[in-house]
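The structure appears right after this line, and notes come after that.
The values are calculated or read from the model by the stated rules, or taken from the named source; none is laboratory data. In this text the structure is predicted, and so the values were computed from the model without any measurement. Cβ placement follows ideal geometry from the backbone for every residue including glycine, while neighbour counts extend to all protein chains displayed. The accessibility values were calculated without ligands, DNA or RNA, using every heavy atom of the protein model including side chains. Shrake-Rupley method; radii C 1.70, N 1.55, O 1.52, S 1.80 Å.
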Amino acid sequence: MVISLYLDIPTGGAWGLAVSIFLGSMMIVATLVLALVGLSAADLPVVCYYEDIRGSWSFSETERRGDNTINCDTLGPIVYTKNFTFTFPNTVTDELGNQGTWTMISNQGFEVNINQRSYFAFSYYEGDWDSSVSYCDRTLNGWSRDRTVRNWSCFSAAKLTPVAPRASSLGTSVSTEQHYRVDHQLIRKINAAQTSWTAKEYPQFERYTLKEMFLRSGGAEFLSSAPVAPVPSSAELKARVSLLPDTFDWRDVDGINYVSAVRDQESCGSCYSFASAAMLEARLRISTRNQRKDVFSVQDIMSCSSLSQGCDGGFKYLMAGRYAQDQGVVADECNPYTAVDGPCHTNTSCSRTYVSEYSFVGGYYGGGNEDMIMEALVNNGPVAVSFMVYDDFHSYAGGIYHYTNLRSDFNPYLPTNHAVLMVGYGEEESTGEKYWTVKNSWGAEWGEEGYFRIRRGTNECNIGSFPVEATPIP
């Protein structure tokens, strides 16, 4: 889930391209592409540029007497007014000269950490996926609390310089109940065109509709308006990375496995929740030497958090990080997975596990790269990452994946739409090809027993751009 800019959502455009890439193997006409976007695009119908957010803001905050159950649907009397200036790449300064950090959360909102307090809000919009207007110079009501996760308040923010509203309109005229069909011709082409990885048929996927497969793949994501260039590695970082093992895998560290079992998200766009839970599960196993082997409830993350959009998507940073720190996560049996949206039914008697800290690897959204991921992975544990699912990926059976681009629909301005867990890396002995080892959430029958390997060192499908890590408290 690029610190750089994002495009509007025109009819076709970035959304049309992202969905047409996904639906290429299904031979669907462009009108259905637009319909799928309108009905099942993930997250909120708001898109804000990085430059929309950078600048000076006024924050209006209520009294700081609440707890983590605070309801910010309406804003109470304003007690505090603060001015903050956001500068490149992630520094925030208040009117007294105190400094902290800020980061965008995709194109949906931003988080600010300064003066021992943390603020988060989604950017303001009106409308829905059919027709919406983004107002990037103000926010919806958000939440603020101190670093001890106490003294909660509500706030809203307005930029001191106006930003022009951005209107979006998407059609939904075509039904999305048509079922996915395996593209046998594409599979033959993949296997004939290259030898790095093999494709095969997964007839069990044909039980899903096109809409469900679209959600299962993470939905759509916006293309950036400039090529996504990963932050370059410093000489010091390169020196540290050179000392890391040539091959590493948290499933086998001196014969011990620290990664929980593969699960299946089914027809729901809940990959962000599975990736978040899987990272916390693995890192908790590592810190306790496998004394704790929790399996956390992804349904609780989906249904009980104001920071997610359920089966329509969400963000690893907010779920594995902010939600886990603010509210905590519970065991799977406290709210079993249903693969559908619904009210929060978590057993209130269940204990919760919290995180002490969380961040984008690199410090802010878009600030990471593959060297940083390697170091974080070995030193701290598996890392939650995002990448773009293209048409050929559904047929992956084994080997080192790279996008084959057989349909000539590739665009160098790479988006991401699917969240997964990176557990290791290595190098193919016979070819010298470097790879990441990644845990997916499509069941153990898919890929290499639920895992896949993907080309390393080239930011394949943008997999190295938005890594997230968090530290669970045993």
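Numbers for the structure displayed
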| read-out | value |
| --- | --- |
| Overall Cα dimensions of the range 349-474, principal axis frame, Å, largest first | 50, 33, 30 |
| Residue-count net charge about residue 400 - beta-carbon cut-off 13 Å; Lys, Arg +1, Asp, Glu -1 | -2 |
| Test item: Cα-centred dipole of the chain, Lys/Arg +1 and Asp/Glu -1 on Cβ, debye | 540 |
| Dipole of the chain, positive end: most advanced residue of 349, 106, 441 [Cβ charges, Cα centre] | 349 |
| Residue-span extension gain [residue 340 to residue 247] - 0.36 nm each, minus C-alpha spacing | 29.6 nm |
| Whole-number D in µm² s⁻¹ for the chain, Kirkwood Cα-pair radius fed into Stokes-Einstein, 37 °C, 0.692 mPa s | 145 |
| Where labels lie 7 Å past Cα in the beta-carbon direction, separation of residue 198 and residue 350 in nm | 3.9 |
| Relative contact order %, the range 352-442, counting alpha carbon pairs below 8 Å whose residues are six or more apart | 24 |
| Coil-residue trypsin sites (Lys or Arg not before Pro) of the range 123-161, DSSP, other Cβ within 10 Å capped at 15 | 147, 150 |
| Calculated from backbone phi, Karplus (6.51, -1.76, 1.60) coupling profile of the range 278-286 in Hz, x at Gly/Pro | 4, 5, 5, 4, 5, 5, 5, 4, 5 |
| Solvent exposure of the range 343-474 as accessible area per residue, Å², 1.4 Å probe | 33 |
| Per the chain, cysteines lacking a partner by the 4.7 Å Cβ criterion | 271, 461 |
| Trypsin sites (Lys or Arg not before Pro) restricted to DSSP loop in the range 316-400 with at most 16 other C-beta within 10 Å | 352 |
| Cβ-defined net charge surrounding residue 238, 13 Å radius [Lys, Arg +1; Asp, Glu -1] | -3 |
| Cut-off 18 Å (backbone N to label point 7 Å along Cα→Cβ of residue 83), residues of the range 141-158 | 156-158 |
| Calculated SAXS-style log₁₀ I(q)/I(0) at q = 0.21 Å⁻¹ - the range 64-181, Debye, Cα scatterers | -1.26 |
| Separation of alpha-carbon centers, the range 275-291 and the range 340-390, rounded to whole Å | 11 |
| Chain lengthening between residue 51 and residue 333 when straightened (0.36 nm per residue, less Cα-Cα) | 97.2 nm |
| Distance in nm between pseudo-label sites at residue 206 and residue 431 (7 Å out along the Cβ direction from Cα) | 2.9 |
| Computed helical MRE - 222 nm, the chain, DSSP H runs ≥ 4 contributing -39500 (n - 2.57), nearest 500 | -5000 deg cm²/dmol |
| Entries in 159/211; 82/211; 189/211 that, when Cα-Cα distance is taken, lie over 32 Å | 159/211; 82/211 |
